1. Return a whole-number percent for the relative contact order of the stretch B:2-77, with Cα pairs under 8 Å and 6 or more residues apart as the contact set.
2. Using a 1.4 Å probe over the heavy atoms of the protein chains, calculate the carbon and sulfur portion of the accessible area of chain A as a whole percent.
3. In terms of Cα to Cα distance under 24 Å, which lysines are near enough to residue B:11, apart from those fewer than 8 places away along the same chain?
4. Estimate for me the total accessible surface buried between chains A and B (protein heavy atoms, probe 1.4 Å, no ligands or nucleic acids), in Å² to the nearest 100.
5. What average count of beta carbons from other chains do you get within 10 Å of the Cβ of residues in A:3-12?
6. Determine, for each peptide in B:49-57, B:31-39, the mean count of other beta carbons within 10 angstrom over its residues, then list the peptides with the highest first.
7. Quickly estimate the mean residue ellipticity at 222 nm for chain B, helices only: each DSSP H run with n ≥ 4 gives -39500 (n - 2.57), and the total goes over all residues, rounded to 500.
8. Can you list, shortest first and in nm, the gaps between the label point of residue B:36 and those of its counterparts in the other copies, using a point 7 Å from Cα in the C-beta direction?
Protein chains: 2
Amino acid sequence: MARVVVDVMLKPEILDPQGQAVANALPRLGVTDVASVRIGRRIEIEFSGEPDLDRAREIADKLLANPVIEDFTVRVEAEEPAEEPVEAPA
Amino acid sequence: MARVVVDVMLKPEILDPQGQAVANALPRLGVTDVASVRIGRRIEIEFSGEPDLDRAREIADKLLANPVIEDFTVRVEAEEPAEEPVEAPA
């Protein structure tokens with residue numbers, strides 16, 4: 001199994017009210033050194049055979065992103081993640 | 001400016017109907033070698049000074065992820081993206 005990751009983010013010139021809401025909430029957590037927060041989507045596509053970047057790019061363009069307001073990047077992800085997911089505290 | 005990226009994905013045991021809907025649409029595009037599609041969130045946090053992973057982890061835990069159903073990973077991203085964003089065809 002090979003995993004292709006598609007990252008979809010709003011274009012830089014498009015306002016991101018959801019990210020802005022998170023940024024506005026940060027001072028309440030005592031965080032004052034964050035300049036901006038942008039929220040997008042991460043899509044993991046598992047291919048049953050070889051990962052196909054061109055195919056993934058076509059899927060992203062047709063189904064996952066709105067090219068009018070969003071940019072996307074496509075990459076093959078290594079089998080093992082660089083960092084273990086953070087487990088929720090028990 | 002330093003960028004920290006938080007990837008939030010549903011835990012593997014949680015159903016992802018949004019990803020399933022994309023997976024179900026793939027045969028119409030002629031794609032038959034995709035085993036699964038999972039859709040999560042990618043959050044980019046720009047720190048005005050040094051990137052602070054512990055701080056970002058706290059933000060993710062309190063504001064960005066629901067630890068009951070989601071896992072997240074936190075990492076510092078290099079200044080230059082590995083791949084240029086795909087531009088929408090003109």
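1. 55
2. C and S fraction of accessible area: 54 percent.
3. Output for residue B:11: B:62.
4. Buried surface at the A/B interface: approximately 4000 Å².
5. Shielding by partners across A:3-12 averages 3.
6. The most tightly packed comes first, giving B:31-39, B:49-57.
7. The helix-only estimate for chain B comes to -5000 deg cm²/dmol at 222 nm.
8. 3.5
The values are calculated or read from the model by the stated rules, or taken from the named source; none is laboratory data. Keep in mind the model is a prediction, meaning the values are calculated, not measured. We place every Cβ from the backbone using ideal geometry, glycine too, and count neighbours over all the protein chains shown. Ligands, DNA and RNA are stripped out before the accessible areas are found, and what is left, the full protein with its side chains, is counted by its heavy atoms. Shrake-Rupley method; radii C 1.70, N 1.55, O 1.52, S 1.80 Å.
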